[in-house]
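K.L.:
Structure provided below as structure tokens; questions to follow.
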């Protein structure tokens, strides 16, 4: 009886924590991820991305020097999601670790036309891998010219971003997933 209760509690906790997975990327392929720095707009930040596979664990490492000089201040890796049906998505889960800094997820939608338009949420990583569950409805818009809330069916890309201040960035990400 106790084993049955334990299994039931574990099932309920897992269902509430993750929900149904709609889309998952565990960085086994690099083809859908692109490094972008503020150099596209005259900034001087530098970055690199490495796809790593160790002991059957795949992850990506984004690292570099973020500089706010020349009106810059970001490095990111971005993935195109235009061919993914995210209509039922409510959460983004990310498993990450890094150098005890704040990082961001940026979401772009069909309504974000200009490069500085996106929705953002920050999270702070530490030196061990941790799961973060971010509600899509809590992402903040970067401009008053875009919709206040994200319609998940309109999401076109997601980015892992080091942003907004002078610092050395180093973040490792095992997976990103969308769930309901």
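The values are calculated or read from the model by the stated rules, or taken from the named source; none is laboratory data. Everything quoted here is computed from the prediction, not taken from an experiment. Backbone-built Cβ (ideal geometry, glycine too); neighbour counts: all protein chains shown.
K.L.:
Can you find a residue that is under 14 Å from residue 159 (Cα atoms), modelled with pLDDT of 90 or more and surrounded by 18 or more Cβ atoms within 10 Å (Cβ to Cβ) anywhere in the range 2-24?
P.N.:
Scanning the range 2-24, I find no residue that is under 14 Å from residue 159 (Cα atoms), modelled with pLDDT of 90 or more and surrounded by 18 or more Cβ atoms within 10 Å (Cβ to Cβ), so the answer is no.
K.L.:
A further question on this structure: Which members of the range 57-83 meet the condition of being in a loop (DSSP other than H, G, I, E, B) and under 16 Å from residue 45 (Cα atoms)?
P.N.:
67, 68, 72, 73, listed by residue number.
K.L.:
Further, regarding this structure: Does residue 137 satisfy the criteria of being farther than 19 Å from residue 33 by Cβ and part of a loop (DSSP other than H, G, I, E, B)?
P.N.:
no
K.L.:
On the basis of being in contact with a helix residue (DSSP H, G or I) (Cβ under 8 Å, 6 or more places away or on another chain) and either exposed (fewer than 12 other Cβ atoms within 10 Å of the Cβ) or over 30 Å from residue 153 (Cα atoms) (or both), does residue 64 make the cut?
P.N.:
Answer is no for this residue.
K.L.:
Let me spell it out: the conditions are (1) part of a strand (DSSP E or B); (2) out of contact with any helix residue (DSSP H, G or I) (no Cβ under 9 Å at 6 or more places or on another chain); (3) surrounded by fewer than 19 Cβ atoms within 10 Å (Cβ to Cβ), and residue 94 meets all of them except one. Which number is the exception?
P.N.:
So the condition that residue 94 fails would be (3).
Let's see how each residue does on (1) under 26 Å from residue 67 (Cα atoms); (2) out of contact with any helix residue (DSSP H, G or I) (no Cβ under 6 Å at 6 or more places or on another chain); (3) in a strand (DSSP E or B):
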site	(1), (2), (3)
133	no, yes, yes
143	yes, yes, no
146	no, yes, no
158	yes, yes, yes
162	yes, yes, yes
178	no, yes, yes
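K.L.:
Residue 86 is checked against (1) surrounded by fewer than 20 Cβ atoms within 10 Å (Cβ to Cβ); (2) part of a loop (DSSP other than H, G, I, E, B) and fails just one. What number does that condition carry?
P.N.:
Of the numbered conditions (1) surrounded by fewer than 20 Cβ atoms within 10 Å (Cβ to Cβ); (2) part of a loop (DSSP other than H, G, I, E, B), the odd one out for residue 86 is (1).
K.L.:
Continuing with this model, one more query. When you scan the range 40-56, how many residues do you find that are assigned to a strand (DSSP E or B) and exposed (fewer than 11 other Cβ atoms within 10 Å of the Cβ)?
P.N.:
So the answer is 2.
K.L.:
Then there is this: How many of the residues making up the range 116-131 are exposed (fewer than 14 other Cβ atoms within 10 Å of the Cβ) and assigned to a loop (DSSP other than H, G, I, E, B)?
P.N.:
Of the residues in the range 116-131, 4 are exposed (fewer than 14 other Cβ atoms within 10 Å of the Cβ) and assigned to a loop (DSSP other than H, G, I, E, B).
K.L.:
When the range 38-65 is examined, which residues are found to be under 24 Å from residue 114 (Cβ atoms) and out of contact with any strand residue (DSSP E or B) (no Cβ under 6 Å at 6 or more places or on another chain)?
P.N.:
39, 40, 41, 42, 43, 44
K.L.:
Of everything in the range 104-120, what is more than 9 Å from the chain's Cα centre (by Cα) and at pLDDT 95 or above? Give them in sequence order.
P.N.:
Answer for the range 104-120, where residues must be more than 9 Å from the chain's Cα centre (by Cα) and at pLDDT 95 or above: 108, 109, 110, 111, 112, 117, 118, 119, 120.
K.L.:
Going by the conditions given, is residue 170 part of a loop (DSSP other than H, G, I, E, B), surrounded by fewer than 19 Cβ atoms within 10 Å (Cβ to Cβ) and in contact (Cβ under 8 Å) with a residue 12 or more places away in the chain?
P.N.:
Judged against the criteria, residue 170 is not a match.
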